[in-house]
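Data block below; observations after.
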Ligand code: HEM
């Protein structure tokens, strides 16, 4: 499993969507993403988020998020 960190991998991936989700949580804030990781995972896996016309996250990007969860959320 690749080593994943929030600062190097997760925040840069989510930064482009930050503005559209800030009403609910900050996708670039470590605490918000940890606290909502189940909902975030469900939505990216079932390709509900990001919504059209944004392309869904790739399988590699989704795997990166699950690796980060498995590694117990490295900051
Ligand atoms: C990877 C990027 C994104 C993630 C992980 C994400 C995650 C989520 C999650 C977990 C919810 C459910 C919130 C809840 O149940 O309280 C949600 C809802 C929502 N998101 Fe996002 N979001 C992303 C990108 C976006 C973008 C780019 C937009 C707009 C262009 C957007 C618009 C919305 C809207 C309107 C809702 C409420 C309606 C619904 O639940 O479908 N999101 N998102």
Taking the chain and dividing mean pair separation by its residue count, relative contact order in percent (alpha carbons under 8 Å, at least six apart):
41 percent
Which order results if 13, 27, 57 are arranged by neighbouring Cβ count within 10 Å, fewest first?
13, 57, 27
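Ranked by Cβ crowding within 10 angstrom, fewest neighbours first, how are 43, 24 ordered? Display every interim value, and only then the final one.
Numbers: 43 15, 24 10.
Going from least to most buried by this count: 24, 43.
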Points 7 angstrom from Cα along the Cβ direction at residue 54 and residue 8: gap in nanometres?
2.4 nm
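Give me the one-decimal Kirkwood hydrodynamic radius in Å for region 6-70, with the sum taken over alpha-carbon pairs. Don't jump to the answer; show the numbers that get you there.
Values: mean 1/r = 0.0846 Å⁻¹.
Result for region 6-70, one decimal place: 11.8 Å.
No value in this document is a laboratory result; all are computed from the given coordinates. These figures come from a predicted structure and were not determined experimentally. Because the Cβ atoms are built from the backbone with ideal geometry, glycine has one as well, and the counts that use them run over all protein chains shown.
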